[in-house]
């Protein structure tokens, strides 16, 4: 009998860890911009975006042993620069949970893989910087 109790306790402890977490890495499936129109496949150009849906994203995260889709997760990050498209499909996001409660997710950071042009230009910049560093003895 005690073996059954131990198994049940371990299973419950594992499930509670899946529900209480400080943050997870996810990937953007769909982004709903802070505008009156959304071009995603769910809204299209004809359906208006509700106030509560603006600047939110639908994301896929791995919670425990399964992938889960979280819908309408508020974004607390903004892109830098003059022209911004917000998040795009495939962006990696850091999702934190208010008070560790997995029912209250918030996107607090994102990372976008650089394009080939960005990688090439960064490589060139670092090469030039290394040449000048070598010439000045630094």
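If you take the residues in region 106-118 that are surrounded by 11 or more Cβ atoms within 10 Å (Cβ to Cβ) and without any contact (Cβ under 8 Å) to a residue 12 or more places away in the chain, which one is nearest to residue 75 (Cα to Cα)?
114
Within region 24-38, which residues are over 14 Å from the mean Cα position of the chain (by Cα) and either surrounded by 12 or more Cβ atoms within 10 Å (Cβ to Cβ) or within 20 Å of residue 111 (Cα to Cα) (or both)?
Scanning region 24-38 gives 33, 34, 37, 38.
Might you let me know whether region 84-93 holds any residue that is without any contact (Cβ under 8 Å) to a residue 60 or more places away in the chain, assigned to a loop (DSSP other than H, G, I, E, B) and surrounded by 14 or more Cβ atoms within 10 Å (Cβ to Cβ)?
The answer is yes; a qualifying residue exists.
Could you list, in sequence order, all residues of region 1-43 that are at pLDDT below 75 and in a strand (DSSP E or B)?
Of everything in region 1-43, just one residue is at pLDDT below 75 and in a strand (DSSP E or B), namely 20.
For region 75-88, check the following and say yes or no: at least one residue is on the phi > 0 side of the Ramachandran plot and touching a helix residue (DSSP H, G or I) at 6+ places or on another chain (Cβ under 9 Å).
no
Listed here are the residues, each with its yes/no results for (1) over 16 Å from the mean Cα position of the chain (by Cα); (2) surrounded by fewer than 12 Cβ atoms within 10 Å (Cβ to Cβ); (3) without any contact (Cβ under 8 Å) to a residue 24 or more places away in the chain.
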site: 22; (1), (2), (3): no, yes, no
site: 40; (1), (2), (3): yes, no, yes
site: 44; (1), (2), (3): yes, yes, yes
site: 52; (1), (2), (3): yes, yes, yes
site: 55; (1), (2), (3): no, no, no
site: 64; (1), (2), (3): yes, no, no
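Say whether the condition of being in a helix (DSSP H, G or I) and at pLDDT below 85 is met by at least one residue in region 59-79.
no
The values are calculated or read from the model by the stated rules, or taken from the named source; none is laboratory data. Remember, predicted model here, so these are calculated numbers, not experimental data. Reconstructed Cβ throughout: ideal geometry from the backbone, glycine too, with neighbour counts over all protein chains shown.
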